[in-house]
Amino acid sequence: MSNVLSAKPVVDKNINDLINECNLLKSKGVTPYLKVILVGDNPASVIYTKNKKAFCEKIGAKCDIIKLSADIDEKDFLNEVENINNDNSVHGLLIQLPLPKKLKHLDVTTLVNETKDVDGFHPLNVFELYKGNKEDKILAPCTPKGIVTLCKFYNIDLEGKKIVVVGRSLIVGKPLALLLMNYNATVTVCHSKTKNLKEITKSADIIISAIGQEGFINCDHVRDDKTQIVIDVGINKNNDNKTVGDCDFQTLSNKVKAITPVPGGIGPMTILSLAQNLLQAAKKSLYP
Ligand code: GUN
């Protein structure tokens, strides 16, 4: 069995810093406040937003989930977003994705004001990443930021490493590739249309899968020498309604040096990053 890179010790190590920072901000009259917009009742989104609220409250921040009907008019939805953008008591705004059909055409990257953009989706925040900044200086997308935090905790050095990212989404794959390059990693981005994926993943020091498909990465994608590290971003439901990742954990864990579990791996790291971004945005409101 290889090393299991669980989020729990990482979150346990960071949570006291977050509580202390939150208390400091409160002592200066600022209570970090996140608003989460949840449109419709996608079961996974309901659970994710509840987890986000619970974590914010655990560190002493305020969080409200604004529940809107899946058939809300576009105008009313945009009004709600604008009101929160203009509310100085709110430091972070997150629009939970996916949006329902009726709002799917909207460009979510520009809806939230860049100063409240705790998801790190806004073009101005993405440009900070593009320019070479690391996650501690900017509002960086939460999952890429969480992956770097996890690697730092487990002393996984990124510099000069060959990292293969599988998935090219706006939320994970693309910003992750930029952030890893900012740590001097050599990054290859693969996706569902990549040819010879197995050869490419076999040549990696670190494989990061964010493709959203159960069992997408298996024993055939790794070498036999137990030197590779696998980071699994996927959160999928299997036939038994169990939460599983993109990677076949059972078989891979005998073939690689270290692997993140699902659940209990990158999911909680994403929430930790969200709380860090919220405090960063709240601090900036105090010291612009
Ligand atoms: N849905 C799944 N992951 C995310 C995320 O990181 N941010 C938002 N806004 N929605 C999501």
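The values are calculated or read from the model by the stated rules, or taken from the named source; none is laboratory data. Here the structure is a predicted model, which is why all the values come from computation and not from measurement. All Cβ positions, even for glycine, are placed from backbone atoms using ideal geometry, and neighbour counts span all protein chains on display.
Output the number of the condition that GLU57 fails; it satisfies all remaining conditions of (1) under 18 Å from ALA275 (Cβ atoms); (2) within 16 Å of the ligand (Cβ to nearest atom); (3) not β-branched (Val, Ile, Thr).
In the conditions (1) under 18 Å from ALA275 (Cβ atoms); (2) within 16 Å of the ligand (Cβ to nearest atom); (3) not β-branched (Val, Ile, Thr), GLU57 misses (2) alone.
Can you name the condition, by its number, that LEU158 falls short on among (1) within 16 Å of the ligand (Cβ to nearest atom); (2) part of a loop (DSSP other than H, G, I, E, B); (3) on the phi < 0 side of the Ramachandran plot; (4) buried (at least 18 other Cβ atoms within 10 Å of the Cβ)?
(1)
Check ALA177, ALA275 and return the single one that is small (Gly, Ala, Ser) and in contact with a Leu (Cβ under 9 Å, 6 or more places away or on another chain).
ALA275
Please give the number of the condition LEU97 fails out of (1) under 13 Å from ILE171 (Cα atoms); (2) away from the ligand (no atom under 15 Å from the Cβ).
Status for LEU97: all satisfied but (2).
Do the conditions hold for THR115, that is, is it in contact (Cβ under 8 Å) with a residue 24 or more places away in the chain, within 19 Å of LEU139 (Cβ to Cβ) and more than 10 Å from the ligand (Cβ to nearest atom)? Outline the logic, then answer.
Numbers: in contact (Cβ under 8 Å) with a residue 24 or more places away in the chain: yes; within 19 Å of LEU139 (Cβ to Cβ): yes; more than 10 Å from the ligand (Cβ to nearest atom): yes.
So THR115 passes the test.
Which condition number in (1) more than 16 Å from the ligand (Cβ to nearest atom); (2) farther than 17 Å from GLN228 by Cα; (3) in contact with a strand residue (DSSP E or B) (Cβ under 6 Å, 6 or more places away or on another chain) is the one that LYS134 fails?
(3)
Name the residues in the range 219-272 that are of a type outside the set (A, V, I, L, M, F, W, C), in a strand (DSSP E or B) and crowded, with 22+ Cβ neighbours inside 10 Å, would you?
Within the range 219-272, ASP232 is the sole residue that qualifies.
Among the residues of the range 25-49, write down those that are over 30 Å from LYS102 (Cα atoms), in a helix (DSSP H, G or I) and touching a helix residue (DSSP H, G or I) at 6+ places or on another chain (Cβ under 9 Å).
Across the range 25-49, the qualifying residue is only LEU25.
Given the residues PRO144, PRO175, which is the only one that is outside any loop (DSSP other than H, G, I, E, B), within 14 Å of the chain's Cα centre (by Cα), within 12 Å of the ligand (Cβ to nearest atom) and within 14 Å of MET269 (Cα to Cα)?
PRO144
Which residue out of ASP76, ASP64, ASP41 is more than 28 Å from ILE235 (Cα to Cα) and either modelled with pLDDT of 95 or more or in contact with a Lys or Arg (Cβ under 6 Å, 6 or more places away or on another chain) (or both)? Step through it out loud before you land on a result.
On the way: ASP64 fails: more than 28 Å from ILE235 (Cα to Cα); ASP41 fails: more than 28 Å from ILE235 (Cα to Cα).
After ruling out the rest, the residue left standing is ASP76.
So ALA54 fits all but one of (1) closer than 29 Å to THR149 by Cα; (2) surrounded by 12 or more Cβ atoms within 10 Å (Cβ to Cβ); what number is the exception?
(2)
If you scan the range 189-218, which residues turn out to be of a type outside the set (Gly, Ala, Ser) and in a loop (DSSP other than H, G, I, E, B)?
HIS191, LYS193, THR194, LYS195, ASN196, ASP205, ILE211, GLN213, GLU214, PHE216, ASN218 - these are the residues of the range 189-218 that are of a type outside the set (Gly, Ala, Ser) and in a loop (DSSP other than H, G, I, E, B).
Out of the residues in the range 1-24 that are among the hydrophobic types (A, V, I, L, M, F, W, C), outside any loop (DSSP other than H, G, I, E, B) and surrounded by fewer than 17 Cβ atoms within 10 Å (Cβ to Cβ), state the one that is farthest from the chain's Cα centre (by Cα).
Result: LEU24.
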